[in-house]
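The values are calculated or read from the model by the stated rules, or taken from the named source; none is laboratory data. Predicted, not measured: the structure shown is a model, and the values here were computed from it. Cβ sites come from the backbone with ideal geometry, for glycine too, and all protein chains shown count toward neighbours. Side chains included, ligands, DNA and RNA excluded: accessible areas come from the protein's heavy atoms. Shrake-Rupley method; radii C 1.70, N 1.55, O 1.52, S 1.80 Å.
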Amino acid sequence: LDETLIAVFNLRTDVAAKAATDSNLSAGKKISGAQLWKVTPGSSSGLALKSVKSQDQSGAYSPVFLESKTSGAMRALPGGVVVQFPPDWDESRISQWVSDQGQSIESKAEFGTNFYIIASPSGLASLEIANGLYETGDVLLASPNWWRERYAK
């Protein structure tokens with residue numbers, strides 16, 4: 001966890017900028033579709049994240065994680081969970097199972113067999129939902145829809 005940054009997705013500039021200022025955040029750089037905000041030194045990223053989310057509930061906010069302490073490649077959680085269902089499950093069974101779990105399907109993924117994107121909030125909630133779905137033992141894979149820092153070569 002990088003305590004100095006927060007990632008913002010689906011940014012509504014006017015509301016988010018005021019929320020950021022009120023939450024001890026300053027504008028950072030834009031990378032691969034995410035706006036990174038810097039946490040004011042001496043402040044907690046967790047408290048800043050909670051504060052900005054309470055002021056602007058339309059935005060998608062996430063803590064920032066580093067792949068490793070040495071590489072520095074960043075990851076964040078913009079929302080959504082990628083789930084792969086068993087190959088013998090049809091759409092009806094998948095829809096029923098998702099509903100039984102108290103979740104909803106956002107879309108069918110355009111890759112692989114029986115991959116779906118399950119709607120979820122941004123941030124750690126998407127990680128918790130992915131873990132919960134996987135722990136049912138019914139699905140082949142459940143992973144948060146990780147955002148990863150990318151640079152053109």
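Side notes on the structure shown:
- Each of Ser107, Asn131, Ser120 was placed along the dipole of region 93-153 (beta-carbon charges, centred on the mean Cα), and the one lying farthest toward the positive end is Ser107.
- Per residue, the accessible area of region 101-153 comes to 63 Å² when a 1.4 Å probe rolls over the protein heavy atoms.
- Placing R0 at 35 angstrom, the Cβ-Cβ distance between Arg93 and Glu3 gives a FRET efficiency of 0.25 after rounding to 0.05.
- Model label points for Asn10 and Ser68, set 7 angstrom from Cα along the Cα-to-Cβ axis, are 3.4 nm apart.
- For trypsin sites (Lys or Arg not before Pro), the sites in region 68-152 that DSSP calls loop and that have at most 13 other Cβ atoms within 10 Å are Lys69, Arg150.
- Cross-link pairs beyond the 27 Å C-alpha cut-off, checked among Lys38/Lys108; Lys29/Lys108; Lys29/Lys50; Lys69/Lys108: Lys38/Lys108; Lys29/Lys108; Lys69/Lys108
- A Förster distance of 35 Å, applied to the separation of the beta-carbon atoms of Thr136 and Lys30, puts the FRET efficiency at 0.40.
- Computed lengthening from Glu128 to Glu110, 0.36 nm per intervening residue step minus Cα-Cα distance: 4.1 nm
- Apolar share of the accessible surface for region 71-153: 48 percent from carbon plus sulfur atoms, 1.4 Å probe.
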